[in-house]
Amino acid sequence: MTLSEVFNHIEANHPKALEDLAGLCRIPSVSAQGRALGDAASATRKLLESIGSPAEEYSTGEGPPVVFGEIRADQALPTLLMYNHYDVQPEEPIDEWRSDPFDPVVRDGMFFARGSADTKGNIAAQVAAARAFLAVEGNVPVNLKFVVEGAEESSAASFTRFVREHGHLLAADGATIEGGYHNEEGLPQIALGCKGDYYVELRCRTARIDQHSSVAAALPNPAWRLVECLRTLRSPSGRILIDGWYDNAPKPTPEELSWLRRSSFRAQRLKDVYGAQWLYGGEGDLAVLKRLIYSPTCTISGFVSGYTGEGCKTVNPAEARVKLDFRLLPGMMSEEADAKLRAHLKRGGFDDIEVTVFEPLEPSAIPLDSPIAHATIQAAVDVYPQPPDVRPWSPGSSTHYFFNKVVGVPSVSGPGVGYDGSAVHAPNEHIRIRDFINGAKHFAALMARMAGNPAVGGGP
Ligand SMILES: [Zn+2]
């Protein structure tokens, strides 16, 4: 195995890979607005065909097509599935872009275009990695499957339908999904899963209509009632007070802790980015990182009741509503959370409060020693001068559960081509070209590591 030659090929041919990326980014495939999705699907298919992958566009009925392509190396070899999306977020607010979001430009070693980080850049980097193996070795080291959907930014329905109808196509030994962004210093951050999100609205109605506030001495106030209820859900330090909430919450393992200790995470930076007043659990880097990863949350996302406009309005409102966002750890499930919340409300005498549940995202993570996790971490060591930032799962929520349990393929977040400053979903989305080249090498090294080949720079 000549991984260093493959790396050289990626390095030398990166202008071609950036051209591929520019071609994809010129298509304004905004799924929320149904723009140019057919064009983006066929450009993606043609890009896969350009490296000799038979690729097809699969109809998803109402939704945009899913593009699937593969390169078969040898049946006896493992299979790597790479998931991406060709749709992007709307470019608004357009005035804040320094250049046309759909006319890619390179400035100061950075490539600016909507979708460059999320996730058209991944597609171009994966194609560059496969192309390098084909040029150097005449074959790829593992079987490769590319699946690229067109509605990730707006709905789960069309990909879910594709998986229901064609799920067998996705059989693989491991999958990469979006994420894996580099930190400021250019080191990759790999997450082996994600938290889940159980999101509810609590609604309290205490009267048919709003009242003059003089009657508040005798009539109930729904905002107070919700506040009283909310105070029973969480302690001032952030601990959730619902019975049994932590029953299935995992604790850090010694191996996970050893990775977290090596993390480049800086609590101060987190505070500075948002101009936040304080951090829970002290200011130590490891303490804050552990809280981000191992603490379930109960967050008031919004609270509405009565009058908050100019001046005063002496009203006793009839209704109050609050939106609550509960992040769950792998091992906890939304159904269980729902039952516990409802039991808590009932026990506390709050059964007049109505609960509406939004579609949950389940938490899910794979162990550090699972083959795809191991290969992705080792591959990062092959490419980067320092070990990657590895997290057992990310504090946010993503589609790991869907891949791990529904598709049935263990998944990791990363490799990626973006970085923390990529302005994903925001104006001036961009990637750093160095991260793009390293991301392509990381994909190449992952392919080699999955095949079990000795790679440059250290044993397996
Ligand atoms: Zn996105």
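The values are calculated or read from the model by the stated rules, or taken from the named source; none is laboratory data. Note that the structure is a prediction, hence the values are computed from the model and not measured. Please note: Cβ atoms are built from the backbone with ideal geometry, for glycine as well, and neighbour counts cover all protein chains shown.
Table for the structure above
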read-out: Scope the stretch 214-243; condition part of a loop (DSSP other than H, G, I, E, B), closer than 19 Å to Arg342 by Cβ and not aliphatic (A, V, I, L, M); matching residues; value: Thr232, Asp243
read-out: Count of the stretch 72-101 residues which are in a loop (DSSP other than H, G, I, E, B) and within 16 Å of the ligand (Cβ to nearest atom); value: 7
read-out: Pair list, Cβ under 9 Å, 6 or more apart: the stretch 164-180 residue under 24 Å from Ala440 (Cβ atoms), other residue among the basic types (Lys, Arg) and assigned to a strand (DSSP E or B); value: Leu170/Lys145; Ala172/Lys145; Ala175/Lys145
read-out: Test: residue in the stretch 188-203 that is outside any strand (DSSP E or B) and either modelled with pLDDT under 95 or under 16 Å from Leu345 (Cβ atoms) (or both); value: no
read-out: Close pairs (6 angstrom Cβ cut-off, 6 or more residues apart or separate chains): among the acidic types (Asp, Glu) in the stretch 109-120, assigned to a loop (DSSP other than H, G, I, E, B) and near the ligand (Cβ under 9 Å from one of its atoms) anywhere; value: Asp118/Val424
read-out: Residue in the stretch 135-155 that is more than 16 Å from the ligand (Cβ to nearest atom), part of a helix (DSSP H, G or I), closer than 29 Å to Leu361 by Cβ and not small (Gly, Ala, Ser) present; value: no
read-out: Where Ile209 falls short, out of the listed (1) surrounded by fewer than 24 Cβ atoms within 10 Å (Cβ to Cβ); (2) aliphatic (A, V, I, L, M); (3) in a helix (DSSP H, G or I); value: (3)
read-out: Unique residue being within 30 Å of Thr314 (Cα to Cα) and among the hydrophobic types (A, V, I, L, M, F, W, C) when the list is Ala276, Ala207, Ala249; value: Ala207
read-out: Given (1) touching a residue at least 60 places away in the same chain (Cβ under 8 Å); (2) touching a Lys or Arg at 6+ places or on another chain (Cβ under 8 Å), number of the condition Thr299 does not satisfy; value: (1)
read-out: Flag if Ile94 is among the aliphatic types (A, V, I, L, M) and farther than 26 Å from Val66 by Cα; value: yes
read-out: Among residues of the stretch 60-71, those that are under 23 Å from Leu144 (Cβ atoms) and either over 24 Å from the mean Cα position of the chain (by Cα) or more than 16 Å from the ligand (Cβ to nearest atom) (or both), counted; value: 8
read-out: Whichever residue in the stretch 420-444 is within 26 Å of Ser370 (Cβ to Cβ) and not acidic (Asp, Glu) and, among such residues, is nearest to the ligand (Cβ to nearest atom); value: Gly439
read-out: Filtered residues of the stretch 190-228 (kept if touching a residue at least 12 places away in the same chain (Cβ under 8 Å) and small (Gly, Ala, Ser)); value: Ala191, Gly193, Gly196, Ala207, Ser213, Ser214, Ala216, Ala223
read-out: Which numbered condition Thr160 fails, given (1) more than 16 Å from the ligand (Cβ to nearest atom); (2) under 19 Å from Gly23 (Cβ atoms); (3) of a type in the set (Ser, Thr, Tyr); value: (2)
read-out: Identity of the residue in the stretch 398-413, more than 15 Å from the ligand (Cβ to nearest atom) and part of a loop (DSSP other than H, G, I, E, B), that ends up surrounded by the most Cβ atoms within 10 Å (Cβ to Cβ); value: Pro410
read-out: One residue from Ser42, Ser50, Ser59, Ser29 being buried (at least 21 other Cβ atoms within 10 Å of the Cβ) and at pLDDT 95 or above; value: Ser29
read-out: Total residues in the stretch 41-64, condition part of a strand (DSSP E or B) and in contact with a Leu (Cβ under 8 Å, 6 or more places away or on another chain); value: 2
read-out: Scope the stretch 1-40; condition among the small types (Gly, Ala, Ser), touching a strand residue (DSSP E or B) at 6+ places or on another chain (Cβ under 7 Å) and not in a helix (DSSP H, G or I); matching residues; value: Ser29
read-out: Any hit, the stretch 123-146, residues being under 23 Å from Lys46 (Cα atoms), crowded, with 17+ Cβ neighbours inside 10 Å, over 27 Å from the mean Cα position of the chain (by Cα) and small (Gly, Ala, Ser); value: yes
read-out: Selection within the stretch 103-133 - within 21 Å of Asn428 (Cα to Cα), of a type outside the set (D, E, K, R) and more than 16 Å from the ligand (Cβ to nearest atom); value: Pro104, Val105, Val106, Gly109, Met110, Phe111, Phe112, Ala124, Ala125
read-out: Qualifying positions in the stretch 219-238 - basic (Lys, Arg) and surrounded by 14 or more Cβ atoms within 10 Å (Cβ to Cβ); value: Arg225, Arg234
read-out: In the stretch 319-359, the residues that are assigned to a strand (DSSP E or B), surrounded by fewer than 21 Cβ atoms within 10 Å (Cβ to Cβ) and in contact with a Phe, Trp or Tyr (Cβ under 6 Å, 6 or more places away or on another chain); value: Asp325
